[in-house]
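Notes follow the structure.
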Amino acid sequence: TKAVSKCYVQVTGMTCASCVANIERNLRREDGIHSILVALMAGKAEVRYNPAVIHPAAIAELIRELGFGATVMENCGDGDGILELVVRGMTCASCVHKIESTLMKTNGVLYCSVALATNKAHIKYDPEIIGPRDVIQVIKDLGFTTSLVKKDRSASHLDHKQEIRQWKRSFVVSLVFCIPVMGLMIYMMVMDSQLSDAHARHNMSSEEMEALHSSMVLEYQLLPGLSVMNFLSFLLCVPVQVFGGWHFYIQAYKALKHKTANMDVLIVLATSIAFVYSIVILLVAMAEKAKVNPVTFFDTPPMLFVFISLGRWLEHVAKGKTSEALARLISLQATEATIVTLGPDNVLLSEEQVDVELVQRGDIVRVIPGGKFPVDGYVVEGHSMVDESLITGEAMPVTKKPGNTVIAGSINQNGSLLISATHVGADTTLSQIVKLVEEAQTSKAPIQQFADKLSGYFVPCIVAVSVVTLFAWIIIGFVDFEIVEKYFLGYNKSISAAEVIIRFAFQASITVLCIACPCSLGLA
């Protein structure tokens with residue numbers, strides 16, 4: 001049998017189910033990885049791997065290459081306790097050897113590795129036999145100073161504030177420039193319909209029509225072939241393309257680099273093609289000194305970016321709400337505990353404040369009135385009322401006397417209690433609830449797995465469909481020009497038939513790309 005280890009990786013920067021599918025699909029291909037499960041909400045990946053082939057740091061690096069942030073989470077052992085220590089005072093390799101050999105001889109220590117360069121010690125131990133304070137004491141007795149590696153208790157990885165800010169900014173930028181573009185568009189539409197009414201009433205020739213058309217303010221040509229309308233639209237479109245679309249471009253580049261196509265690739269494709277096509281058509285018109293202004297697509301990118309960045313912004317706000325519940329749960333945990341040493345007849349000999357992580361099974365912990373219980377345990381001495389509403393939902397305080405069990409995170413009300421610790425660290429009820437909530441967000445419904453699979457094929461299909469559209473219309477146009485003529489708005493005799501066909505085909509294929517952009521709607 002191959003040895004299989006399990007590690008957890010903290011993943012940031014995932015936006016939707018297709019990111020999850022992307023990470024899972026790419027990592028499954030790697031040697032040494034047996035399975036991977038990614039939680040979108042908890043921002044966490046659970047990886048089962050073969051330690052002979054690959055190690056957790058390399059797994060995190062693979063995820064980082066896909067364009068996400070990834071760090072290995074150290075505190076997820078199964079039954080073994082894991083201890084990360086900073087050891088000061090080591091001078092050479094013999095110090096390292098001294099610490100490692102002494103610890104390995106110590107009963108209950110399963111594994112130990114000390115790095116001289118980083119001053120860190122990584123220790124696995126059996127919590128039944130030995131605890132973190134004993135390990136620290138062993139190292140202190142050898143003449144080194146040591147302390148816990150501070151864990152991030154603030155649950156900052158569950159904080160979506162930065163992403164919310166980023167998408168809000170993207171949305172506002174796009175919106176500011178989108179409104180005038182839309183205004184110009186509506187104005188043009190209204191004026192066009194009035195003109196065609198006039199045309200119908202007065203039976204004017206198309207030459208007079210064109211004269212009337214070009215007398216409109218927006219159709220006035222600054223340079224031959226460059227109208228006020230197109231120039232303004234171009235000016236308004238550039239900032240959106242650069243500032244509004246910045247995040248999309250980065251994500252799309254990272255996706256393409258790994259030969260995968262995600263939502264961002266579609267968005268970038270649609271907006272860039274529309275933008276570049278419009279610029280090219282303008283330049284051609286200016287070179288030809290065209291009398292009639294070409295139809296451009298400068299209205300497409302701003303409007304697409306507005307809707308999509310709004311969607312992303314709302315999505316992150318919603319995710320923030322779900323994660324907030326987790327963060328609140330995590331914040332209920334106490335951070336410190338007062339450990340007391342008792343003599344005969346429960347006489348108090350000494351007490352010290354320690355980190356919650358350093359509490360061991362069987363320790364006697366004192367909880368003062370108003371304090372939180374740092375660990376699960378049972379009462380040894382004292383009477384009090386305890387508010388356990390965080391677990392049971394019961395608003396009335398519960399009476400506690402010697403022999404009663406207490407739950408970590410609940411609040412002691414009026415008496416001082418001495419409790420004996422039974423469950424510490426990741427085994428406390430509260431830690432388990434946090435873990436369950438995270439796991440509930442990790443597990444996927446079958447339909448969701450199906451949707452994730454589909455999203456992988458979605459983008460290439462859309463691109464293919466839009467290319468087919470392009471060529472189909474070009475062929476139709478050259479075979480039977482009247483069909484194109486019927487559907488192509490603003491057709492006039494002054495441009496050549498070939499140009500009309502190509503423009504119309506482009507319009508159709510860009511439309512296909514743009515419509516398919518909000519894939520989250522398609523997959524919802």
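Within region 66-88, restricting attention to residues that are open to solvent by 60 Å² or more (accessible area, probe 1.4 Å) and assigned to a loop (DSSP other than H, G, I, E, B), which residue is modelled with the lowest pLDDT?
To start, the set of residues in region 66-88 that are open to solvent by 60 Å² or more (accessible area, probe 1.4 Å) comprises 71, 74-75, 78, 80, 88.
Filter again for assigned to a loop (DSSP other than H, G, I, E, B), leaving 74-75, 78, 80.
Values: E74: 73, N75: 59, D78: 51, D80: 68.
Residue satisfying both the conditions and the ranking: D78.
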> In region 42-65, what residues are crowded, with 19+ Cβ neighbours inside 10 Å and within 13 Å of the chain's Cα centre (by Cα)?
Replying inline: A42, G43, K44, A45, I63
>> Every residue in region 406-417 that is under 20 Å from T335 (Cα atoms) and either touching a helix residue (DSSP H, G or I) at 6+ places or on another chain (Cβ under 7 Å) or surrounded by fewer than 16 Cβ atoms within 10 Å (Cβ to Cβ) (or both), please.
In response: I407, A408, G409, S410, Q413, S416
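Restricting attention to region 117-133, and to residues there that are part of a loop (DSSP other than H, G, I, E, B) and at negative phi, which single residue is surrounded by the fewest Cβ atoms within 10 Å (Cβ to Cβ)? Write out each step before concluding.
Residues of region 117-133 part of a loop (DSSP other than H, G, I, E, B): 117-119, 126-131.
Then drop every residue that is not at negative phi, which leaves 117-118, 126-131.
Working: A117: 6, T118: 9, D126: 14, P127: 19, E128: 10, I129: 14, I130: 22, G131: 24.
Once the filter is applied, the top-ranked residue is A117.
Conditions tested, residue by residue: (1) open to solvent by less than 40 Å² (accessible area, probe 1.4 Å); (2) out of contact with any Pro (no Cβ under 8 Å at 6 or more places or on another chain).
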| position | (1), (2) |
| --- | --- |
| R312 | yes, yes |
| A318 | no, yes |
| K321 | no, yes |
| S331 | no, yes |
| T341 | no, yes |
| D355 | yes, yes |
| Q360 | yes, no |
| V365 | yes, no |
| P397 | no, yes |
> Are there any pairs with C-beta distances below 8 angstrom linking a residue in region 408-433 that is over 17 Å from V359 (Cα atoms) to a residue that is small (G, A, S) and assigned to a loop (DSSP other than H, G, I, E, B), with the two at least 6 apart or on different chains, and if so which?
Replying inline: I411/G370; I411/G371; N412/G370; N412/G371; Q413/G370; G415/G382; S416/G382
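Run down L175, L148, L103 and say which single residue is at pLDDT 90 or above and surrounded by 14 or more Cβ atoms within 10 Å (Cβ to Cβ). Before the answer, list the steps.
Working: L175 fails: at pLDDT 90 or above; L148 fails: at pLDDT 90 or above.
Only one candidate qualifies: L103.
So if I check each of S272, S227, which one is over 21 Å from T15 (Cα atoms), at pLDDT 85 or above and assigned by the TED database to the domain that holds I308?
Working: S227 fails: at pLDDT 85 or above.
Of S272, S227, the one residue that is over 21 Å from T15 (Cα atoms), at pLDDT 85 or above and assigned by the TED database to the domain that holds I308 is S272.
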> Taking into account only those residues within region 262-310 that are aromatic (F, W, Y) and more than 26 Å from C19 (Cβ to Cβ), which is least open to solvent (accessible area, probe 1.4 Å)?
Replying inline: F298
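Report yes if V463 is open to solvent by less than 70 Å² (accessible area, probe 1.4 Å), modelled with pLDDT of 80 or more and assigned to a helix (DSSP H, G or I), otherwise no. Talk me through it step by step, then tell me what you get.
Working: open to solvent by less than 70 Å² (accessible area, probe 1.4 Å): yes; modelled with pLDDT of 80 or more: yes; assigned to a helix (DSSP H, G or I): yes.
Against the criterion (open to solvent by less than 70 Å² (accessible area, probe 1.4 Å), modelled with pLDDT of 80 or more and assigned to a helix (DSSP H, G or I)), V463 qualifies.
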> Before we move on, is I391 closer than 18 Å to E336 by Cα, aliphatic (A, V, I, L, M) and surrounded by fewer than 21 Cβ atoms within 10 Å (Cβ to Cβ)?
Replying inline: no
> Out of (1) out of contact with any Asp or Glu (no Cβ under 7 Å at 6 or more places or on another chain); (2) touching a residue at least 60 places away in the same chain (Cβ under 8 Å), the odd one out for N293 is which?
Replying inline: (1)
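Which one of these is touching a residue at least 60 places away in the same chain (Cβ under 8 Å) and farther than 30 Å from A505 by Cα: Q360, Q353? Steps first, please.
Values: Q353 fails: touching a residue at least 60 places away in the same chain (Cβ under 8 Å).
Just a single option satisfies the conditions, and that option is Q360.
Conditions (1) within 22 Å of V347 (Cα to Cα); (2) aliphatic (A, V, I, L, M); (3) at pLDDT 80 or above; (4) touching a His at 6+ places or on another chain (Cβ under 8 Å), marked per residue:
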{"site": "I364", "(1), (2), (3), (4)": "yes, yes, yes, no"}
{"site": "G371", "(1), (2), (3), (4)": "yes, no, yes, no"}
{"site": "N404", "(1), (2), (3), (4)": "yes, no, yes, no"}
{"site": "T422", "(1), (2), (3), (4)": "yes, no, yes, no"}
{"site": "S443", "(1), (2), (3), (4)": "no, no, no, no"}
{"site": "V468", "(1), (2), (3), (4)": "no, yes, yes, no"}
{"site": "I474", "(1), (2), (3), (4)": "no, yes, yes, no"}
>> Within region 28-42, does at least one residue satisfy the condition of being in contact with a Ser or Thr (Cβ under 9 Å, 6 or more places away or on another chain), closer than 29 Å to F450 by Cβ and in a helix (DSSP H, G or I)?
In response: yes
>> Being at pLDDT below 75 and closer than 26 Å to S18 by Cβ is the filter here; which residues of region 424-438 pass it?
In response: E438
>> Here's a check for you: in region 1-34, which residue that is of a type in the set (S, T, N, Q) and at pLDDT below 85 is nearest to K161 (Cα to Cα)?
In response: T15
> Across region 316-350, what is the number of residues that are free of Cβ contacts under 8 Å to residues at least 40 places away in the same chain and basic (K, R)?
Replying inline: 2
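The values are calculated or read from the model by the stated rules, or taken from the named source; none is laboratory data. Values in this document were obtained by computation on a predicted structure and should not be read as measured data. Please note: Cβ atoms are built from the backbone with ideal geometry, for glycine as well, and neighbour counts cover all protein chains shown. Calculation scope for accessible area: heavy atoms of the full protein, side chains included, ligands and nucleic acids excluded. Shrake-Rupley method; radii C 1.70, N 1.55, O 1.52, S 1.80 Å.
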